[in-house]
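Derivation of every value follows stated rules applied to the coordinates shown; laboratory data play no part. If you're wondering where the values come from, they're calculated on a predicted model, not measured in any experiment. Ideal geometry is used to build each Cβ from the backbone, glycine not excepted, and the neighbour counts take in all protein chains shown.
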Amino acid sequence: MVNIKNKQHDFFIDSKINYQTDNIITSIDIGSDKIICFIAKVDRILDKKKPRVIGFGCSQSKGLKNAGITDITDLEKSIRKAVNQAENSAGVEVKNVSVNISGNYIKTERLFGEIIIGNSIINHNHVAQVISIAKKKFNSKNKKVLHVIPSHFTADGIKNIANPNGMSANKLGVKLLFIYGMPNHLDNLEMIVKNCFLNVINFTAKPYVSALSTLTKEEQHSGAVCLDIGSGSTSISIFIDGSMVFAKSINIGGWYISSDISKILSTPFEQAEALKTLYGSALRGPNDGEYIYQTPLMGSDSDERLSFSRSKLISIIRPRFYEILIHAKRCIEQSGYYDIAKRNTVITGGGSELIGSIEFSERILESRVRSGKPLNIDGLNEEISGPAFSSCAGMLIHSILSLKKDMNDKPNQQNFASKFIQKIMGSGF
């Protein structure tokens, strides 16, 4: 069940209208390997909202490489195909959609704001004021903001305060995490989606929504890392005290493993993908040399095939998977939160489904690692409940968090500000 009163909220979503038609929300995850579309109905149980998937579509991603657009027409066709499949299975026609962003087109910046309150009791107005000061420091030139998330508050130098309301202090500070994208890339994506007769309600960052989908509330509070190993990129996010404090996306993922297999075995890329999925592993076994497979040769018109052992396949996979994890580990170490976050690591995304990935990741990352699958989503059958669908499912959760509370009366300015902060920061305000 999604609790919209938890601490982890995105300030930026409240500056937009995020309602979609008739309580229908639609997410489109544009990846380098495939386009995934989820259509969900918002179920209301008492004061809680929860998404239930009623339609699903998937198509091979064309016109993209490393999250960058290489062919507008091909990408448009891929998006149309995935959305049409989802609409047909849901029996509805959608207009408003959320679109996911990944790769090096995602950037982050952390900014700090502070005010003097003169040994007073911290109230809603102080919180709103310090947040406003921190947000004004952000230079938005050539940047398009996706999310603004409070990392933590400080009071008289005491750090990592989740809720400063009611405390007595002389100084109040807040650290905000800004996640933004490159305007040209987002504008191009929005144009392509509009050519599909769809309206982009918002763009979301893959590191954020993947974590929303896979991390439990306990993991978010105690400290955890979420690694989404996609095809063209790997997304990294760190949560502590219920809030995301770090996010990054690196341009290396499962596509590179398949590319290595294709080059070394001289086999078509599609065949290399199949070999990785069916027989690949991150761990060596004592009998791997005894398992012999065959694959067609690239560009061969005959029935000539190459024979190779499973140990040979694994020897190709392991170095590249190791490289992905080492890059991620360095990012985590450089974040400043390594000692806290390494207690729990969740790996998700299609690249995490490699056999032996959990055990191998534990060795490299020096952390307890588990597989991440979509949580708090109804309507996911066996076909669409795996790690490859975590990001698209997380977009639905973000849409739920974006839905504003209905107000029965017209509040005055002070009450409105209080309710605004309550909604963003949780029930403690």
Relative to the Cα centre, what is the charge dipole magnitude of the chain, using +1 at the beta carbon of each Lys and Arg, -1 at the beta carbon of each Asp and Glu, and rounding to the nearest 20 debye? 1360 debye
When ranked by the protection proxy of mean other Cβ atoms within 10 Å per residue, highest first, what sequence do the peptides 264-271, 60-67 form? 60-67, 264-271
Taking the Cβ of residue 45 as the center, what net charge do the other residues with Cβ under 14 Å away carry, scoring Lys and Arg +1 and Asp and Glu -1? +3
Against the longest alpha carbon principal axis of the chain, how many degrees, from 0 to 90 and to the nearest 10, is the axis of helix 183-195 turned? 70 degrees
Could you pull out the pairs from 107/175; 137/329; 141/175 whose alpha carbons sit more than 24 Å apart here? 137/329
Pull out the extension gain between residue 274 and residue 74, defined as 0.36 nm times the separation in residues minus the alpha carbon to alpha carbon distance; nm, one decimal. 69.7 nm
Specify the angular offset, from 0 to 90 degrees and rounded to the nearest 10, of the alpha carbon long axis of helix 310-334 from the longest principal axis of the alpha carbons in the chain. 20 degrees
Excluding same-chain residues fewer than 8 positions from residue 143, which aspartates and glutamates have a Cα within less than 20 Å of its Cα? 10, 14, 109, 187, 190
How much net charge surrounds residue 119 when only other residues with a Cβ under 13 Å from its Cβ are counted (Lys, Arg +1; Asp, Glu -1)? 0
For the chain, longest principal axis from Cα atoms; helix 413-425 axis from its Cα atoms; angle between them, nearest 10 degrees, is 30 degrees
Across 344, 376, 188, the residue with the highest GNM fluctuation in the chain (Cα network, 10 Å cutoff) is 188
Footprinting proxy, 33, 228, 43, 339: sorted fewest to most Cβ within 10 Å, the residues are 339, 43, 33, 228
